[in-house]
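Note sheet for the following structure.
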Amino acid sequence: MKESIESETIMKGLLLEAEDNASRLGTLSRLKEACDDVLSGHALKLARQCGWRKDWFVPNRALVYRSVHEYRKMRQFVSPRTEPPGPTLDTIAHDPGLSSYVKARERERERAGQARPSRPRSGTRARRSDDIIAEKLDFNEQAIVRTELVAGRLAQRKFDTLAAFFHRLAGVDLGKRETFSFEDVACSIRGQLSGDDRELIERLVARLHDNELLVGMGLINDGGRILTEYGDLVLVKRDELRVLVRLAGLDPGRLKPVN
């Protein structure tokens with residue numbers, strides 16, 4: 001629990017130092033409240049409700065002095081007669097105790113796995129999506145939607161890679177298909193062979209299954225492998241021969257070596 005102790009230790013020390021200083025105690029209380037509300041998402045929710053600028057409260061922003069400053073200004077805007085001022089950005093920046101507390105809260109946020117994700121470059125579709133999420137959804141909903149967006153973008157990249165592979169392999173354009181299976185792709189590849197091509201492959205497959213012919217060359221078909229009769233050197237592997245059989249349009253189950 002080391003991560004959660006640092007800021008608590010700092011705050012306890014500051015409270016002890018300000019034990020008889022009501023003004024200082026109030027400042028410390030408001031500082032802690034501001035950090036709590038910004039990190040929990042309550043500040044963002046309040047900003048939406050009162051029409052305040054949300055930039056400093058979105059989850060992908062680090063907790064900095066300005067975050068506290070903007071939160072306190074918003075609270076005074078909401079309750080101008082009852083809400084005391086500060087601490088302001090300048091006050092925190094020039095006060096070692098207050099600044100060390102804010103920095104500790106930000107470090108704890110990062111260590112807890114809540115480090116802000118890198119913001120997409122301005123002008124991109126991803127940046128616009130991120131801004132819409134921050135604008136329209138509450139704190140918990142944002143995490144759910146962002147997770148789904150990341151999964152969707154990853155799936156799109158995988159599909160693009162797969163589509164590029166098949167397009168380069170056999171000119172198959174997966175982008176033009178609403179649905180597809182690998183059998184569909186295989187059929188497309190076989191469909192690119194002419195009748196003469198398949199006939200030639202069929203003749204080759206027949207020779208590779210004719211052991212009488214193969215023996216004269218010092219070869220043998222051993223359960224679908226073409227290897228040397230006098231040793232174990234393999235010329236054609238079993239899976240390679242199966243590919244030739246499929247390209248020829250033959251039924252692998254009906255093909256057996258002929259002795």
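The values are calculated or read from the model by the stated rules, or taken from the named source; none is laboratory data. Source: prediction; values computed, not measured. Backbone-built Cβ (ideal geometry, glycine too); neighbour counts: all protein chains shown.
Being out of contact with any strand residue (DSSP E or B) (no Cβ under 8 Å at 6 or more places or on another chain), more than 14 Å from Leu28 (Cα to Cα), of a type in the set (D, E, K, R) and in contact (Cβ under 8 Å) with a residue 40 or more places away in the chain is the requirement here; does Arg53 meet it? No. Does Gly171 satisfy the condition of being surrounded by fewer than 13 Cβ atoms within 10 Å (Cβ to Cβ), modelled with pLDDT under 80 and of a type in the set (Gly, Ala, Ser)? Yes: the conditions hold for Gly171. Note on segment 27-51: residues that are farther than 24 Å from Glu110 by Cα and either at pLDDT 95 or above or buried (at least 20 other Cβ atoms within 10 Å of the Cβ) (or both) total 1.
Residues in segment 18-25: is at least one assigned by TED's automatic domain parsing to the domain that holds Tyr101, surrounded by 12 or more Cβ atoms within 10 Å (Cβ to Cβ) and in contact (Cβ under 8 Å) with a residue 24 or more places away in the chain? The answer is no; no qualifying residue exists.
Within segment 71-98, the residues that satisfy the criterion of being of a type in the set (A, V, I, L, M, F, W, C) and under 15 Å from Ala43 (Cα atoms) are Met74, Phe77, Val78. I'd like to know if segment 217-240 contains one or more residues that are β-branched (Val, Ile, Thr), at pLDDT 80 or above and under 44 Å from the mean Cα position of the chain (by Cα). Yes, segment 217-240 contains a residue that is β-branched (Val, Ile, Thr), at pLDDT 80 or above and under 44 Å from the mean Cα position of the chain (by Cα). Within segment 203-219, residues that are aliphatic (A, V, I, L, M) reach partners that are part of a helix (DSSP H, G or I) with beta carbons closer than 6 Å, at six or more positions or on different chains, in the pairs Val205/Leu244; Val205/Val245; Leu213/Arg207. Among the residues of segment 72-87, those that are surrounded by 15 or more Cβ atoms within 10 Å (Cβ to Cβ) and either in a loop (DSSP other than H, G, I, E, B) or in contact with a Lys or Arg (Cβ under 9 Å, 6 or more places away or on another chain) (or both) comprise Arg72, Met74, Arg75, Gly86, Pro87. Pairs linking a residue in segment 143-167 that is closer than 30 Å to Val58 by Cβ and in a helix (DSSP H, G or I) to a residue that is modelled with pLDDT under 75 and of a type in the set (Val, Ile, Thr), with Cβ atoms under 9 Å and 6 or more positions apart or on different chains, are Val145/Ile133; Arg146/Ile133; Leu149/Ile133. If you check Asp160, Asp184 for being modelled with pLDDT under 80 and either in contact with a strand residue (DSSP E or B) (Cβ under 9 Å, 6 or more places away or on another chain) or more than 21 Å from Ala248 (Cβ to Cβ) (or both), only one passes: Asp160.
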